[in-house]
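Working notes for the structure below.
We did not get these values from a lab; they are worked out from the coordinates using the rules stated. Predicted, not measured: the structure shown is a model, and the values here were computed from it. Here Cβ is always computed from backbone atoms with ideal geometry, including for glycine, and neighbour counts include all displayed protein chains.
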Amino acid sequence: MRWRVVMTSAVTLLAVVTVVFALPRAMPGDPLAALQDRSTATPISPEASAHLRSYYRLDRPLGSQYGHYLSRLARGDLGWSISRNVPVRTLVAAHLPWTLLLLGTSMAVAAATSFLAGVAAAWRRGRPLDRGLLATMTALRALPPYALAAFLLVVLAVLLPVFPLAGARTPFAAYGSPLGAVGDVGRHLVLPAAALGLSLLSTRFLLVRNTMVSSLGQDYMVLGRAKGLPPRLLKYRHGGRNALLPFVASLGVEAGFGVGFSILVESVFAYPGMGTLILRAVETRDYPVLEGAFLALALTVLSVNAAAELVMRRLDPRVAGR
Amino acid sequence: MTVVTAVGSRPLRPRRPTVPRIGWIGTAILGGFAALAVAAPLLAPYRATALSGRPLEPPSLAHLVGTNAVGQDLFTQLLSGVRAAMFVAVVAGSGAALLGGSIGVLAGWWGGGVDLVVMRAADVLLVIPRLPLLIVIVAYAGPGLGTRSTVIALTFWPEAAKVLRAQVRSLRHRDHLTAATGFGAGPSHSLRRHVVPEVGLVLASALVAAAGRAVMLEVGLAFLGLGDPNQASWGSIVRDALKFQGLFFTRAWAWWLLPPLLATGLLLAGITFIGLAAERWVNPRLARHVSGGRP
Amino acid sequence: MSPSPHDQDTLRPNRSGANLEVTDLRVTYPGPPPVRAVDELSFTAGAGECLGILGESGSGKSTLARALLGLVPDGRVEGRVGLGGVDLLDLDEKAWQEVRWRRIALSFQSTAALNPVLRVGLQMGEPSQVHLGLNSRQAAARTNELLEQVGLGPWAADRYPSELSGGQRRLVLLAMALVCDPEVLILDEPTAGLDPLTRRLVMDLLIGLVARRSTTMLVISHDADALEVLAARVMVLYRGWLAEVGPTPPVLTDPRSPYTWALLNARPTLASVKDLRGIRGDPPDPTEVTTGCPFFGRCHQGITDDCTSARPTLGPPEGEDGPRLVACARGGVVTLLSAVGLRKSYSVSAGGLRRSEVPGVDGVSLDVRLGEVVGLVGATGAGKSTLGMLLLRLVEPDSGSLRFDGQDLLAARGTPLKALRAQAQMLFQDPFEALSARLTVADAVQEPLDVQDRGDAASRHELVRATLAACRLPHDDAFLHRHTHQLSGGQLQRVALARALVLEPKLLVADEAVAMLDPSEQAKLLQLLKQLQVERGMAMVFISHDLSVVLRIADRVMILDRGRVVEEATGSRLLAAPAHPVTQALLAAAGRDLLFPPPVATFASSSPSGEARGIARPTEGLGPGTGSDPYHELLQPGGTQ
């Protein structure tokens, strides 16, 4: 029942959107006053204030505000950036692709590595390989992503200047060929993707390893061995296939974490993705940008989650059935 | 270890596993940090924001960890970070675990509609990117430590809820609970006598996990600039360090950037160790396994 | 060129199954504490033969099955497993992979052995692709072929295991084991938990396999009835140790190992009228290591020293020299009492001075084994009581021999006779007569101890109390000082029982012991007798005219008529199809006709154990019912489950 997945995602999205709607209005006192943060020294200009007022339609009743808000979102209008004086949509369109690139690469690398490592570790449970990997992964899990990023930065960009320090591209560079552009982007992508990938890797590895271990203890593994099947078949077709299910099922959650971690990593490497956008918006208390960016990220994650669930339905015979 | 037992033969008494060594190491680390947090006001030589030395001084007797670009004592700031981290670990961690735990227990016990609604809510929270959500909420609500802890507790309850719900659900229909109902026991009696003791261990392990998560989040938020401006946190120290343009042209990164990172790693390691020990103690797995190797 | 799945000869070069020789197999799990799951097991299964393995849970049969495929990774396996001459335990993992399934396959019991995320067809096809080099199309063809053979069909190949019923999954596991047409096939509980229809199907399939003799089969089961049909030879396992091995009919119908005997007595069957008698004691603790016989603690005839000093080795049982072997320090179930050709006649006045001889007992031979209950049934005057007295030599026979506990009871005199007497006691019909009215309870029960001069006063007193307690009587001073006329019939009979038991005899003869009691007291006494008999491992001869009472309690029943044994069988067989008219009359008197319509038959002869025409004796075991009694098949042991 595929539409069920879509329905659930739509309901979730609506919930998220409503929370974003409610937040500024839930703050005590004049919402506009809440928008003026006590810590920032810069006051909001009357012009910006007027913009905000019309944007939030604070003079209208709540229901009408909500209706207007939803219709605005449906048209793809994410509001107007106070600090940069452009539609939020434009900013998001400029920054989101970089985050998607970073996130996509990291998740792919993390998925492949963690699956192979998890299967291998579980197969040799208790032996040096397993213990070593477990220890390493546990240690990785204990490090905040920005710490990992900082370490990588220090080691591979400062002490040994192998990779660039910051950014997604060399500024003002001219490329001889599209390959050159790809290469440049790639070089800048390595460290951030490595940092993000490593932070995601540990939980994925543990999931695969533990599911695989419990798979290996099942009767069907004994039967598989009794049938004289080579280890390769046992590991991947019988054990791995079972471990694949929870792995795919949790992709949505992983994307959720990934998006959060990417903000931290982007900050360390000054990578021009959504993280940078959000942080700048926080500094200037540019609320429309914050909200818009958050919605864009939420939508991304929900899409990944929906896609993962659909794939799950194909993979899991208990659901796939005739 | 597989034992040749089956239905009908006397079961061997399961060996109660001892607490693994790793648990003691974790407790020691955590204990150390807790002591530091309590003793911080006595230990700090200066006020955190005071310009007590020359900028970028290397570590010395006067400044144990050196100073930052403005001349503030880093040791004091680190101590302040200990307090912040421990505060959040305790408040936000237990908040998330207890809130999630209670929700999970009730959902598991009542089942039906309540369970469905609660689980949907939990699933929604788990999927949406929570760090960005936190950022947005904190941007509105203010950066105080208390505020941040509360918000963390309110957004990170699903993990504990799911674990406890699963536990309660498996207990719910055990025969000894049905028997208690047969004696005329109401839900409060059954919950108290039978469910709570069993879930205690699981709750403890969820609590440890939540504490670890909370520390990571607090430090992360501070790193992003959403920290309390009046209280230095390890995250904010790292942020200040990375913001300083010439950081890597001097050797100052060694005493400015590294110590807060290491401190964070150490505290989280301690919490993780305790978590691992708790997990191993609660779940002795007697699984045999097929593996490559001798027949 | 890859072999086609229909090319039977290339599937296996040797079409007749391989010879399996297991020598001194030991499987130990390290623990701690270490567990010896299989204990110095040696056996052989000839090429194409079907060998049954009977055992309860914890007997090590599953471990054995796994060990034969080298699937005991966390245990230490020692010994030799010879498959067609090759020692399998010498093989390394790579070599094992070649042997497994191709030469020796195992049909699993647990349906969790099917991987839930893979289709059945894929799982079944794997071994043929790996071992026989078939491509996927050929493998699918072979899979379909086998699915048809087990009564499913090609449709099953597309399903996931969760889409099949439990019985269907078992059939898949069986079919999967046959995929590579192995030389040796091990079946782990093939019929356990199956509904009657599926069970019939599986049995038919297995019978066909056995008949073809193309595979050597090992059938592991706790279901003795299935083994009766399938296996030519059967071995009995207890705690990983071989208790008895031999051709199936004698082992399963006339077991000589104390364990097999106890095990077979414990199984309920539809026709069982006898109350269940469990094996006393608790199932074994697998971590205990014993030096002597592993069954010693629960055996009804165990003797310290003989049975505990060393492991008993396999050998023919006492009095037999056939192919059957038992491992018992005492040579198998011990025959306690052996009477041959006992005769006793009374002279009765036949008018005037003439006297004629009335045969009381006319040439009766019987054996009583330690721990068993033999029922003697007959109408009044059939000679039952005389026989009872003869067995204890309370009356001298005219001719015949009588051996008790290995000694000639008739030749014994003096001290030896007194000692022998202590080991066999009688319980009489009328307790008021059997106990002196002048004695108190304590005196009466203590009398045998005084006569035999056992222990001192204090210990005798203690023993009296203990025995009274065992007979569920009060044992306080007040009761002990009561006189017999103050007690009720039921209580008094129990006092008499206590008196009989205080010497801890090996044999108890109960002569109409419950006839004079109220039904309620009867029931209680019967229950008590049975319980004590099992606990103490006592043999009992239970004499009665009431067949329905005897059927509840006896392992074997002998029907007496005019001093001769006319029929002898187990209670269930007598009930299902009595042969002799006397038996039928007794059954009718007991109300059998109300339960079962009388068999449609004519019986021409009244020869003692003659096979009356038209009624088939149910001695062949399973098989389509040959009797015309519509309940005949129902009452076959195991019948339709």
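Structure values in brief
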quantity: Charge tally in the Cβ shell below 11 Å around C:Ser59, where Lys, Arg are +1 and Asp, Glu are -1, C:Ser59 excluded; calculated: 0
quantity: Long pairs among C:Lys384/C:Lys524; C:Lys384/C:Lys506; C:Lys384/C:Lys418; C:Lys344/C:Lys524, criterion Cα-Cα beyond 32 Å; calculated: C:Lys344/C:Lys524
quantity: Within straight-line cross-link reach of C:Lys94, lysines at Cα separation under 19 Å, skipping those fewer than 8 residues along the same chain; calculated: A:Lys227, A:Lys235
quantity: Highest average packing first - A:192-201, A:128-137, C:69-78, C:572-581, Cβ atoms within 10 Å; calculated: A:192-201, C:572-581, C:69-78, A:128-137
quantity: The protein assembly as shown: antiparallel DSSP beta bridges as a percent of all, rounded to 5; calculated: 60
quantity: Fewest-first ranking of A:Arg125, C:Arg280, using other Cβ atoms within 10 Å as the exposure measure; calculated: C:Arg280, A:Arg125
quantity: Mean residue ellipticity (222 nm) of chain A, computed from DSSP H runs ≥ 4 via -39,500 (n - 2.57), nearest 500; calculated: -24000 deg cm²/dmol
quantity: Residues whose placed amide H lies under 5 Å from that of A:Thr170, excluding near-sequence neighbours; calculated: none
quantity: Compactness index (Cα Rg / 2.2 N^0.38 Å), chain B; calculated: 1.25
quantity: Trypsin sites (Lys or Arg not before Pro) restricted to segment C:374-442 and DSSP loop, no more than 14 other C-beta within 10 Å; calculated: C:Arg413, C:Arg438
quantity: For A:Val190, C:Val236, B:Val195, order by how many other beta-carbon atoms lie within 10 Å, fewest first; calculated: A:Val190, B:Val195, C:Val236
quantity: Nearest-0.05 FRET efficiency for C:Ser57 and C:Ala411, computed from C-beta distance (R0 56 Å); calculated: 0.70
quantity: With 10 Å bins from 0: P(r) over chain A, alpha-carbon pairs, percent; calculated: 5, 21, 26, 23, 16, 7, 2, 0
quantity: Shielding by other protein chains, B:134-147, mean Cβ within 10 Å; calculated: 5
quantity: Antiparallel DSSP beta bridges within chain C, percent to nearest 5; calculated: 55
quantity: Residue order, fewest to most beta carbons within 10 Å, for A:Lys227, C:Lys524, C:Lys94; calculated: C:Lys94, C:Lys524, A:Lys227
quantity: Charge dipole magnitude, Cβ of K and R +1, D and E -1 - segment A:93-320, Cα centre, debye nearest 20; calculated: 1220
quantity: Gain on full stretching of the segment that runs from C:His483 to C:Asp398 - 0.36 nm per residue minus C-alpha separation; calculated: 26.7 nm
quantity: Exercise: per-residue mean of other protein chain Cβ atoms within 10 Å, A:212-220; calculated: 6
quantity: At least 30 Å along the helix axis (C-alpha) and Kyte average at least 0.5, DSSP helices within chain A; calculated: A:2-26, A:88-123, A:178-216, A:287-315
quantity: A:Gln65-C:Asp321 pseudo-label distance in nm [points 7 Å out on the Cα-to-Cβ vector]; calculated: 10.9
quantity: Estimated 222 nm signal from helices in chain C, with DSSP H stretches of n ≥ 4 weighted -39500 (n - 2.57), rounded to 500; calculated: -9000 deg cm²/dmol
quantity: Rg ratio (alpha-carbon, reference 2.2 N^0.38 Å) - the protein assembly as shown; calculated: 1.28
quantity: Computed over chain C, the ratio Rg/Rh where both radii use C-alpha atoms and Rh is Kirkwood; calculated: 1.05
quantity: Residue-by-residue Karplus 3J(HN,Hα) for segment C:44-57, coefficients 6.51, -1.76, 1.60, Hz, glycine and proline x; calculated: 10, 10, x, 4, x, 7, 10, 10, x, 10, 9, x, 8, 5
quantity: Set of segment B:45-76 residues, backbone N closer than 14 Å to the point 7 Å along the Cα-Cβ line of B:Leu258; calculated: B:58-60, B:65-66
quantity: Sequence-distant residues sharing a close amide H with C:Arg233 (under 5 Å, placed H); calculated: C:Cys50, C:Gly52, C:Thr248
quantity: Positive dipole terminus of segment A:93-320, leading residue within A:Pro317, A:Leu216, A:Pro144 (C-beta point charges); calculated: A:Leu216
quantity: Inter-chain shielding of A:272-279 (mean C-beta neighbours from other protein chains, 10 Å cut-off); calculated: 2
quantity: Table column - 3J(HN,Hα) (Hz), segment C:93-99, Karplus curve with 6.51, -1.76, 1.60, x for Gly and Pro; calculated: 4, 4, 5, 4, 4, 6, 6
